[in-house]
Amino acid sequence: MNKLPFKVVAVDMDGTFMRDNQTFDHKRFDRILNQLRDQGGHFIVSSGRPYTRLREDFASFLTRIDMIADNGSLLLQDNNIISTHLLTYKTTVDLIHFIQEHYPESSVIVTGVDNSYTTVNASPDFKQKMSFYYPECVEVNDLLSTVSPNGQVTKITLSYKKDFSTELEREFNKHHAEKVHCTSSGFGLLDIVPYSVNKGSALQYFLRYFGAKPSELIAFGDGLNDTEMLKLAGYSYAMANGDPEIKKIAKYEAPSNNDDGVLEVLDNYLNN
């Protein structure tokens, strides 16, 4: 087994670690994870998925991996939440009003630490897509009715036909003291999270915790919400199926998600 030039591995999920059919090679991953840990390495799942979904995805590995959920809003270690970055009550209410006024054609889901909500009149396609990621999502008539001063909202997700994440962030932040960050998943969805929250800032938290440097981080991604993560990493890989813009940011290219590109690259570092 080769000595690794990195200490920390970070992987996006959709379009990166997961195949399009929402599977991955559990046996191969188990072997690679054991080899990585034998060298004192750490494996971090860094995703826009909610942590309730990630816990199901990695049910057999929860004590051997760490997780960044909701694009950086939740950080988990040993299946326990260790850090949260939440939208305030006022910002959440203002965002819902802003979305309803400026983007009424978008379907919306409000995600909390333990629950999520969408509207009864959200598009059937949106609700079908979200049912996988948010199986316990509750449909309501008015999203504002789900928001409370003591709530824990991690992000708001919108559907789009044309990406307007940059526009939404600019226009909302122009008129509000509490700023937000918008990022596109590349799958017709965009996430709104607290300002300065992203996968890169979340990984910096873990790197400090592990006593590792960015030069000792290898990261894999396929979409624009992986930008900060790939810019941070000493070893940055865009997937062959990735967004052309993310390929310009990454130093290297990995085989596609359907060809198990992440596991293939890690196997090459470990065993060739």
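The values are calculated or read from the model by the stated rules, or taken from the named source; none is laboratory data. Everything quoted here is computed from the prediction, not taken from an experiment. Don't worry about glycine lacking a Cβ; one is built from the backbone with ideal geometry, like all the others, and counts go over all protein chains shown. Keep in mind that these areas ignore ligands, DNA and RNA; they rest on the heavy atoms of the full protein, side chains included. Shrake-Rupley method; radii C 1.70, N 1.55, O 1.52, S 1.80 Å.
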Q) Do we find that residue 94 is closer than 29 Å to residue 142 by Cβ, in contact with a Ser or Thr (Cβ under 8 Å, 6 or more places away or on another chain) and charged (D, E, K, R) in this structure? A) no
Q. Do you know which residues across the range 48-69 are of a type in the set (Gly, Ala, Ser) and either in contact with a Leu (Cβ under 6 Å, 6 or more places away or on another chain) or touching a residue at least 40 places away in the same chain (Cβ under 8 Å) (or both)?
A. 48, 69
Q | Residue in the range 55-80 that is modelled with the lowest pLDDT, counting only those that are open to solvent by less than 60 Å² (accessible area, probe 1.4 Å) and of a type in the set (Asp, Glu) | A | 70
Q.
When you scan the range 183-198, do you find a residue that is of a type in the set (A, V, I, L, M, F, W, C), open to solvent by less than 20 Å² (accessible area, probe 1.4 Å) and assigned to a loop (DSSP other than H, G, I, E, B), even just one?
A. yes
Q) For residues in the range 247-272 being buried (at least 23 other Cβ atoms within 10 Å of the Cβ) and touching a helix residue (DSSP H, G or I) at 6+ places or on another chain (Cβ under 8 Å), which is nearest to residue 182 (Cα to Cα)? A) 250
Q | Residues (out of contact with any Lys or Arg (no Cβ under 7 Å at 6 or more places or on another chain) and either surrounded by 17 or more Cβ atoms within 10 Å (Cβ to Cβ) or among the aromatic types (Phe, Trp, Tyr) (or both)) located in the range 20-41 | A | 24, 29, 32, 35, 36
Q | Of all residues in the range 208-231 being open to solvent by 10 Å² or more (accessible area, probe 1.4 Å) and of a type in the set (A, V, I, L, M, F, W, C), the one that is farthest from residue 7 (Cα to Cα) | A | 224
